[in-house]
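Visitor: What follows is a structure written as structure tokens; I'll ask about it next.
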Amino acid sequence: MKFKQYGVAKRGETSVQLRVLVTLSAIVLALLTASIILLVAKSNPIGVYVGILQGCFGSLYRFSALLEKLVPLLILSLGIVVAFKMNFMNIGAEGQFLMGGVGATLIVRLLPGLPAPVLLPLMAVVAFAFGALWLIPPAFFKSKFETNETLFTLMMNYVATYFVMHLQYERWKDPAASGMPKIANFPENALLPQVQGFHLGIGIAILLVGVVYILMNRTKTGYEIAVLGASENTARYAGMNVHQTILKTAIISGGICGLVGMIQTAGPSGTLSAEITGGLGFTAIIVAWLADLKPVRAAVVSFLFAILIQGGSYIQTAFQIPGSAAAMIQAIILLYILGSEFFLRYRIIKSGKRVEVA
Amino acid sequence: MGIASFLNLAVKAGTSLLFATLGEILSEKVGHLNLGVEGLMQIGAVIGFIVGFQTGHPLLAVLFAALAGSVGALIYALVTITFKANQVVTGLSLTIFGVGFANFFGSRYVGRNVPQEIVNFFKPVTIPGLGQIPFIGEVFFQQSFYVYLSYLCVILLALYLRKTRWGLNTRFIGENPVAAEAGGINVTLYKYVNILVSGCLCGLGGGFLSLVYMSVYPIDVVAGQGWIAVALVIFSIWSAPKAMAGAYFFGALRIVGTRLQHLHLPISVFAFTALPYIATIVVLILTAMNKRKENKAPAWLGINYFREDR
């Protein structure tokens with residue numbers, strides 16, 4: 001038998017056209033695959049897709065709900081971008097988010113009487129610190145003993161979840177909630193102000209896109225993070241303090257994720273609970289990755305994902321289609337895009353000669 | 001309740017974890033950190049239940065749970081091995097997919113009972129001879145067939161990894177795929193086979209939950225057990241027999257945790273639930289500080305191998 005020999009080779013820079021073409025093809029294929037699964041389950045795929053879009057752009061209220069879903073996802077992905085750029089796999093955003101929420105709640109409980117202009121910034125600072133604190137142990141042991149940070153940060157998520165459950169069900173349980181395991185709602189002065197139904201969170205998110213962009217592209221720290229991410233040896237030869245850079249990055253990354261804990265507790269949720277993250281810390285990792293670890297692209301990707309999240313919760317209430325349909329579609333798109341990136345990084349070449357196969 | 005009957009329950013509570021942990025060990029040994037275990041268990045649980053519910057056939061249900069797990073693992077294998085995508089990100093996507101898939105297809109079965117034929121088939125069976133050994137017999141050999149299947153898997157996996165050439169090659173690839181390929185080993189083939197079998201084991205773990213452990217199909221069958229399995233792999237330092245001990249230890253903690261809720265002790269219930277994860281962190285640090293190589297994670301864990309990259 002005769003076969004043509006195929007091989008693959010690395011591409012250099014890819015053109016924007018190719019990138020768009022490959023990504024769009026992946027999305028189209030993903031939607032086709034999802035349609036087949038929906039048809040098997042006797043749901044109308046077109047109805048699901050239209051429903052998802054209606055749930056996001058059908059009214060001003062739904063659009064503000066969409067932005068509300070976008071804010072935590074975007075900020076978390078910014079935090080993750082910083083760590084991933086250093087090749088530090090922080091998959092503990094869930095935990096840092098929760099601990100940030102603990103920090104914010106702690107301040108509200110200790111100093112409930114402060115006026116909002118003092119209280120809110122203080123909550124934000126403490127949330128940042130708590131989030132950072134949750135990423136310091138994995139960073140410390142990584143730089144000292146090369147512990148696997150992926151697994152370490154993953155475990156820290158569960159410790160944080162059960163700690164928050166302890167607070168919610170035991171220590172901070174609201175006695176006025178008639179037996180319901182919940183922490184008391186924040187008072188008015190501890191809530192983020194709203195402008196025409198839009199939370200301040202979206203402003204903070206946009207601001208942070210700029211901050212992280214400048215940090216990564218215009219500062220010495222950003223440069224050090226990128227060099228260390230590319231090669232630890234290069235960083236050492238260049239005389240960088242590797243240990244210190246790892247810790248500094250952990251503080252920034254964990255801190256940004258912790259800040260989300262404050263924005264969500266003082267924003268849409270109004271208090272802290274173990275369910276507050278809704279798995280966003282994991283979704284944000286995928287967002288950061290698909291955005292190629294670039295802050296501005298992360299905003300675009302987060303927006304697309306927020307559509308699926310908000311649309312998913314809308315079709316559930318409006319058409320009784322399980323919201324899990326949207327989660328499934330989201331994952332199928334992800335897997336196709338992840339697979340498609342191969343065609344951006346490598347190209348398939350035909351080596352001219354034919355080979356004989358017995 | 002006597003200690004033996006408590007441990008008997010702990011074995012049962014740890015069995016799904018054991019299957020999934022064995023699966024993840026196999027995947028990690030060949031260098032692939034699969035964070036999709038939770039998703040694979042979910043897929044196995046829901047497909048196993050649906051097939052069991054529709055046909056009433058216990059073996060068919062188990063077979064489909066295993067098959068569903070390996071189909072899920074095939075997606076992961078395709079994306080990470082052939083298309084070289086990042087393992088962490090792909091695994092997380094697989095978990096999102098599996099959880100969504102299970103909720104979507106399982107929603108109409110919530111609250112349904114496992115068919116009686118299947119319940120009867122998986123009733124605890126005392127193994128003649130072994131089951132009569134005092135204490136040990138009651139703990140290990142008065143269990144369901146499904147539990148005995150997990151014992152068999154532990155033995156087979158331990159033999160495979162330690163005593164066979166295939167197992168040696170598998171570990172070789174996890175430690176150094178470059179040298180393995182230079183030595184004439186088909187790295188891609190090994191990775192595919194190991195990961196498909198690994199998915200099979202995760203699917204079996206999910207099937208155990210929906211077909212044996214729960215009598216009624218709940219809203220979230222797996223409920224995070226896949227993540228505990230990822231922890232357990234580290235806790236048992238990538239060894240199948242240690243995974244067995246670890247799974248039953250975590251199973252026991254799970255039972256203790258639920259029972260403590262009714263006792264109003266001064267210590268928080270959640271301290272118990274968090275204990276497996278804290279213990280795992282401690283093991284992670286200790287193994288990293290330890291210089292002995294056999295206790296460490298495979299050197300190429302999480303790193304994709306691509307010949308043309310060299």
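Visitor: Please average, across the residues of B:279-287, the number of beta carbons from any other chain that are within 10 Å of each residue's own beta carbon, and give a whole number.
Guide: Average per residue, whole number: 5.
Visitor: How large is the charge dipole for the protein assembly as shown, taken about the Cα centre, if only the Cβ atoms of Lys, Arg (+1) and Asp, Glu (-1) carry charge, to the nearest 20 debye?
Guide: Taking the Cα centre of the protein assembly as shown as origin, the dipole is about 1500 debye.
Visitor: Just to check I understand the Karplus step: with θ = phi - 60° and J = 6.51 cos²θ - 1.76 cosθ + 1.60, what whole-Hz values come out for region A:202-212, glycine and proline as x?
Guide: Calculated HN-Hα couplings, in order: 5, x, 4, 4, 5, 4, 5, 4, x, 4, 5 Hz.
Visitor: Taking Cα atoms, how many degrees apart are the long axis of helix A:280-290 and the longest axis of chain A, rounded to 10 and kept between 0 and 90?
Guide: Approximately 30 degrees, to the nearest ten.
Visitor: Sticking with this structure for a sec: Over chain B, how many pairs of lysines fall under 14 Å by alpha carbon, counting only those 8 or more apart in sequence or from different chains?
Guide: 5
Visitor: Can you tell me the 0 to 90 degree angle between the C-alpha axis of helix A:116-145 and the longest principal axis of chain A, rounded to 10?
Guide: So the inclination is approximately 50 degrees.
Visitor: What aspartates and glutamates does A:LYS142 reach when the alpha-carbon gap must be under 18 Å and sequence neighbours fewer than 8 apart in one chain are set aside?
Guide: Partners within reach: A:GLU224, A:GLU232.
Visitor: Among A:ILE46, A:ILE251, A:ILE80, whose mean-square fluctuation peaks in a Gaussian network model of chain A (Cα, cutoff 10 Å)?
Guide: A:ILE46
Visitor: May I pose another question? In percent, how large is the relative contact order of region A:64-295, given Cα pairs closer than 8 Å and 6 or more residues apart?
Guide: Once divided by the residue count of region A:64-295, the mean separation gives 43 percent.
Visitor: Give the average, rounded to an integer, of partner chain Cβ atoms located within 10 angstrom of each Cβ in A:160-171.
Guide: So the per-residue partner count for this stretch is 4.
Visitor: Return A:CYS56, B:CYS200, A:CYS257 ranked ascending by Cβ neighbour count within 10 Å, so the fewest neighbours appear first.
Guide: Sorted ascending by nearby Cβ count, the order is A:CYS56, B:CYS200, A:CYS257.
Visitor: Hey, another quick one. Which of B:GLY129, B:GLY39, B:GLY174 moves the most in a Gaussian network model of chain B with Cα springs under 10 Å?
Guide: Largest GNM mean-square fluctuation: B:GLY129.
Visitor: Continuing with the same structure: Averaged over its residues, how many other protein chain Cβ atoms are within 10 Å of peptide A:86-99's Cβ atoms?
Guide: 1
Visitor: Please list, in chain and number order, the residues 5+ apart from B:ALA85 or on another chain whose amide H is under 5 Å from its amide H, with Hs placed from the backbone.
Guide: B:THR80
Visitor: Under 5 Å between amide H atoms, partner at least 5 residues away or on a different chain: which partners does B:VAL125 have, H built in plane at 1.01 Å?
Guide: Those lying under 5 Å, H to H, from B:VAL125 are B:GLN143, B:SER144, B:PHE145.
Visitor: What residues have an amide H closer than 5 Å to that of A:TYR346, excluding those fewer than 5 places away on the same chain, when H is modeled at 1.01 Å from N in the peptide plane?
Guide: Distant-sequence amide H within range of A:TYR346: A:ARG11.
Visitor: Ok, one more. Once you've got the GNM for chain B with C-alpha springs shorter than 10 Å, pick whichever of B:PRO266, B:PRO218, B:PRO58 has the biggest mean-square fluctuation.
Guide: B:PRO266
Visitor: Step through the residues of region B:105-110 one at a time and calculate ³J(HN,Hα) from phi using the Karplus curve (6.51 cos²θ - 1.76 cosθ + 1.60, θ = phi - 60°), rounding each to whole Hz and writing x for Gly and Pro.
Guide: 7, x, 4, 7, 9, 4
Visitor: Also, quick follow-up: Can you give the calculated 222 nm mean residue ellipticity of the protein assembly as shown, where each DSSP H run of n ≥ 4 adds -39,500 (n - 2.57) and the sum is split over every residue, rounded to the nearest 500 deg cm²/dmol?
Guide: Calculated at 222 nm, the ellipticity per residue is -23000 deg cm²/dmol.
Visitor: Could you derive backbone 3J(HN,Hα) for region A:80-93 from the dihedral phi with the Karplus parameters 6.51, -1.76 and 1.60 (θ = phi - 60°), listing whole Hz in sequence and x where the residue is Gly or Pro?
Guide: Calculated HN-Hα couplings, in order: 5, 3, 4, 6, 5, 4, 8, 6, 10, 6, 7, 9, x, 4 Hz.
Visitor: Going by how many other beta carbons lie within 10 Å of each one, how would you line up B:ARG307, A:ARG19, fewest first?
Guide: In order of increasing Cβ crowding within 10 Å: B:ARG307, A:ARG19.
Visitor: Next up: Can you sort A:TYR237, B:TYR148 by how many other beta carbons sit within 10 Å, fewest first?
Guide: Least to most surrounded, the residues fall as A:TYR237, B:TYR148.
Any read-out appearing in this document is the output of simple, stated calculations on the displayed coordinates, not a laboratory observation. Just so it is clear, the model here is predicted, and its values are computed rather than measured. Methodologically, a virtual Cβ is constructed for each residue, glycine included, from the backbone with ideal geometry; neighbour enumeration extends over all protein chains shown.
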